[in-house]
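Heads up: the structure comes next, in structure tokens.
The values are calculated or read from the model by the stated rules, or taken from the named source; none is laboratory data. Computed from a prediction, not measured in an experiment: that's the story for all the values here. In this analysis, Cβ positions are derived from the backbone assuming ideal geometry, glycine residues included, and neighbour counts consider all displayed protein chains.
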Amino acid sequence: MRRRGKLWIEGSVKIIKKQNWKKTLARAGIVLFCLALVFPFFTGNINAGEKKLIPLGRTTGIKMFSGGAMVVGFASAELTGGRSPAERNGLCIGDVITAVDGQAVECNEQLSARLAELDLNSTVLTVRRGGDTLEVQVDGLLDGENSYKLGAWVRDSMAGIGTVTYVDPETGDFGALGHGICDIDTGVLMPFDNGSIMGSEVIGVCRGAVGAPGQLTGAFDLRQDNGVLYKNTQQGIFGRITDPAVYADRKAYPVADVDDVRCGRVQILSNVDGCTVESFDARITRILEDDGSSKNFMIEITDDDLLEQTGGIVQGMSGSPIIQDGKMVGAVTHVLINDPEKGYGIFIENMLDAAG
């Protein structure tokens with residue numbers, strides 16, 4: 001999210017760069033939840049052959065909240081005169097601050113307000129770290145203008161555009177992206193409290209090139225949400241579509257077993273212009289070891305029209321479903337930064353296992 005969503009935390013609400021997500025979402029193409037852009041980046045099994053899913057391929061606006069203030073960095077020694085109080089007292093990157101002296105904190109602004117109420121330069125923070133909740137005593141808060149400062153950068157939300165991979169026609173449950181939403185500064189999987197999806201439209205494409213991955217530019221419909229999120233995992237984000245019109249009259253395909261996926265021709269369904277989902281030719285070039293990750297096979301775009309439009313795989317396309325032999329086999333997840341015509345895909349079974 002660049003630094004748009006972060007606050008320099010003080011007792012008073014002195015905001016270096018404050019995120020207004022509604023205004024941010026209204027801008028086109030803010031963050032593209034699409035591709036880990038570096039080549040080396042980064043179960044009980046479902047009986048896939050008996051299940052059918054709708055491969056959607058539509059872009060969607062995504063907003064996600066951490067349910068607290070997530071620590072994404074610490075102030076420099078030049079600003080604090082040494083290690084910041086937050087770092088010195090044991091806060092870690094990825095910690096989510098949920099309370100100050102027992103008073104709940106759900107966003108950056110509330111954290112700043114709680115610090116402004118302190119009479120002393122110490123406090124006890126309630127912190128969510130992974131699956132654990134702990135209390136951290138922070139002493140020596142920095143004295144600002146009638147306020148105290150932690151010396152930490154925090155983020156409480158992320159927003160962007162990505163592609164919905166599938167919808168279960170029986171329940172409305174969906175999976176998207178094929179990889180998790182990570183904090184752009186730390187690479188840490190974004191802690192999840194709640195979130196939603198909304199309608200979107202692709203209004204432009206920046207073509208990819210060697211060393212410079214392209215991206216889709218999107219505009220969001222802020223009038224209403226059309227789905228809720230319930231999980232952010234390394235294999236994708238998951239939720240339920242609350243507006244059946246999103247997938248009405250779309251064909252459901254059988255889900256392929258991992259052993260059914262082979263090298264050869266495939267079609268990917270992707271939304272790279274307006275609201276239209278199109279089918280493009282590609283081929284799977286290599287099947288990788290199934291380690292449950294989001295990189296299970298390599299894929300190459302062969303469709304001349306898509307190559308002309310986008311230059312290959314671009315940011316915003318991750319989650320585009322992949323069809324082979326009349327079955328849904330997976331989704332596009334990553335692009336090779338030095339060869340945008342090629343990238344990685346995830347087995348659909350791995351997404352379904354992560355969805356739970």
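Contact map, segment 310-322: residues that are in the same structural domain as PHE280 (by TED's automatic domain parsing) and surrounded by fewer than 24 Cβ atoms within 10 Å (Cβ to Cβ) paired with residues that are among the charged types (D, E, K, R) and assigned to a loop (DSSP other than H, G, I, E, B), Cβ distance under 8 Å, separation 6+ or inter-chain. Pairs shown: GLY311/ARG207. Applying the criterion of being polar (S, T, N, Q) and under 31 Å from the mean Cα position of the chain (by Cα) to the residues of segment 141-165, the residue that is surrounded by the fewest Cβ atoms within 10 Å (Cβ to Cβ) is SER157. Inspect all residues belonging to segment 217-228 and state whether any of them is in the same structural domain as PRO321 (by TED's automatic domain parsing) and in a loop (DSSP other than H, G, I, E, B). So far as segment 217-228 goes, no, none of its residues is in the same structural domain as PRO321 (by TED's automatic domain parsing) and in a loop (DSSP other than H, G, I, E, B). In the set (1) within 21 Å of the chain's Cα centre (by Cα); (2) over 17 Å from CYS263 (Cβ atoms); (3) among the β-branched types (Val, Ile, Thr), the condition left unmet by THR310 is number (1).
Give me the residue from segment 104-124 that is of a type outside the set (Asp, Glu) and over 16 Å from SER147 (Cβ atoms) and, out of that set, surrounded by the most Cβ atoms within 10 Å (Cβ to Cβ). The selected residue is CYS107.
Residue-level check: of (1) out of contact with any helix residue (DSSP H, G or I) (no Cβ under 8 Å at 6 or more places or on another chain); (2) more than 30 Å from ALA248 (Cα to Cα); (3) of a type outside the set (A, V, I, L, M), GLY180 misses just (2). Given the criteria among the charged types (D, E, K, R) and either on the phi > 0 side of the Ramachandran plot or in contact with a helix residue (DSSP H, G or I) (Cβ under 8 Å, 6 or more places away or on another chain) (or both), does ARG155 qualify? Taking the combined requirement at face value, the residue satisfies it. Looking at the structure I just gave you, is VAL138 over 28 Å from the mean Cα position of the chain (by Cα), part of a strand (DSSP E or B) and not hydroxyl-bearing (Ser, Thr, Tyr)? So VAL138 fits the description; yes. Taking the criterion of being in a loop (DSSP other than H, G, I, E, B) and either more than 13 Å from THR165 (Cα to Cα) or not hydrophobic (A, V, I, L, M, F, W, C) (or both), the residues of segment 232-252 that qualify are GLN234, GLN235, THR242, ASP243, TYR247, ALA248, ASP249, ARG250, LYS251.
Conditions (1) assigned by TED's automatic domain parsing to the domain that holds LEU222; (2) polar (S, T, N, Q), marked per residue:
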{"residue": "LEU111", "(1), (2)": "no, no"}
{"residue": "LEU118", "(1), (2)": "no, no"}
{"residue": "SER122", "(1), (2)": "no, yes"}
{"residue": "ARG129", "(1), (2)": "no, no"}
{"residue": "GLU135", "(1), (2)": "no, no"}
{"residue": "TYR166", "(1), (2)": "yes, no"}
{"residue": "THR171", "(1), (2)": "yes, yes"}
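The residues listed here are ILE237, ILE323, ILE287; of these, the one that is in contact with a Gly (Cβ under 9 Å, 6 or more places away or on another chain), modelled with pLDDT of 95 or more and of a type outside the set (D, E, K, R) is ILE237.
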